[in-house]
Amino acid sequence: MNALGSTAPDVVVIGAGVVGTAVAFFAARRGLSVTIVDRGAPASGTSSSGEGNVLISDKELGPELELARYSLDVWRDDLAEFAHLWEFEAKGGIIVASRESSLASLERLVASQRAHGITVERLDGAALREAEPEVTPHALGAAYYPDDCQVQPMLVAAHLARMAREHGADLVTGATVTGLLRRDGAVRGVRTTAGDLHCGAVVNAAGPWAAEIAALAGVRLPVEPRRGFVLVTEPLPPTVRHKVYAAEYVDNVGSSDAGLQASAVVEGTPGGTVLIGSTRERVGFDRTPSAEALQVLARNAVALFPFLADVRALRHYHGFRPYSPDHLPAIGPDPRAPGLWHACGHEGAGIGLSVGTGKLLAAALAGEMTDLRLDPFAPQRFDDDGGR
């Protein structure tokens, strides 16, 4: 028996955000016994401060795009019957270019994605304004991605946690992980403020705190917090029909600059509010509200949708994306610490990639072949080349 009062599960998942609960759900559905451990409630960390992006459009060619396509299939197929629970919207995304340089970059992105089977439609000015009548008249061109979607991330984590429990998983909240337990040199449990919990494998799904968990095992995982702000408007009649963002957003996603970066991302919600993002900056876990970041958000949003100049912002929120230096998550077993697995480092794509990550990792934990190779996401790759 464990100190927490249960028999030793096959898997302990550290973190009850969207990634951790996705791992737990798919693992439990495969018949593995699972316990989720979190110092807070489900979605009380990074998952509570995102926009709910499920995007194909902002992914460069490579492993992340393949994971995004796979995850989209999981959202639409494996989890289709639950879509209403987390407000899944297949609204499509539109990237808008208002500068010649941005238009050239967008055209290159569209050409490369099309060549690899991504569905994308170029929009001229007339077609753009038909799709989004309130968009800026200064737009030079745009691209429409019908596969871009949106979910409510806190609902995702809450329902996946509940569904995992319906498949036999346990959820332990209010328990901070303070150490990892070893047996015969392998990680075989966690030490928490609520007691010890022995298990067969430990999954590190601690988001921007993942490096701290890895350090408990004596391994390096360079995942850092990257702060982002979101503005929320007063409820409006349906006005913004798609997820709409400026072409500069794609460059910001792929940037490693630690300073403040901001590009307009605007979308409506089923409740009528409009979400306005996005900023990125590496300032550690500094939670101090940034007037500069919020001003830039508002200015960029008005530039993209001028009608927003007369709309009130009711509130803002911010959180920390788990940044990885090569912009790829760490997914899979860590050979440097046998028994430790990782599912972290997704940065701003974590909501969209969560369910694909969960399904892949559950298969690997069960000793089965995964639908995608996990090699590009190997946690030890940073020891090999310091991050690409």
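The values are calculated or read from the model by the stated rules, or taken from the named source; none is laboratory data. What you see is a predicted model; the values in this text were computed from it and never measured. All Cβ positions, glycine included, derive from the backbone under ideal geometry; neighbour counts span all protein chains shown. What goes into the accessible areas is simple: the full protein's heavy atoms, side chains included, and nothing from ligands, DNA or RNA. Shrake-Rupley method; radii C 1.70, N 1.55, O 1.52, S 1.80 Å.
Within segment 109-147, being touching a residue at least 24 places away in the same chain (Cβ under 8 Å) and either of a type in the set (Lys, Arg) or in a helix (DSSP H, G or I) (or both) holds for 109, 110, 112, 113, 128, 131. Close Cβ contacts (under 6 Å, 6 or more residues apart or on different chains) running from residues in segment 226-243 that are touching a residue at least 12 places away in the same chain (Cβ under 8 Å) to residues that are small (Gly, Ala, Ser) and assigned to a loop (DSSP other than H, G, I, E, B) comprise 235/272; 236/272; 242/92.
Kindly indicate whether any position in segment 206-213 is farther than 26 Å from residue 364 by Cα, part of a loop (DSSP other than H, G, I, E, B) and at pLDDT 95 or above.
no
Out of all the residues in segment 278-337, which are open to solvent by 30 Å² or more (accessible area, probe 1.4 Å), β-branched (Val, Ile, Thr) and assigned to a strand (DSSP E or B)? Result: 283, single match. Within segment 268-315, being in contact with a Lys or Arg (Cβ under 9 Å, 6 or more places away or on another chain) and aromatic (Phe, Trp, Tyr) holds for one residue alone: 285.
Taking first residues from segment 169-187 that are closer than 22 Å to residue 215 by Cβ and partners that are among the polar types (S, T, N, Q) and open to solvent by 70 Å² or more (accessible area, probe 1.4 Å), the Cβ contacts under 6 Å between residues at least 6 apart in sequence or on separate chains come to 175/193; 176/193.
Residues checked against (1) open to solvent by less than 50 Å² (accessible area, probe 1.4 Å); (2) among the aromatic types (Phe, Trp, Tyr); (3) out of contact with any strand residue (DSSP E or B) (no Cβ under 8 Å at 6 or more places or on another chain):
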residue	(1), (2), (3)
125	yes, no, no
133	no, no, yes
150	yes, no, no
163	yes, no, yes
179	yes, no, no
187	yes, no, no
197	yes, no, no
219	yes, no, no
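Restricting attention to segment 26-72, the residues that are at positive phi and modelled with pLDDT under 95 total 3.
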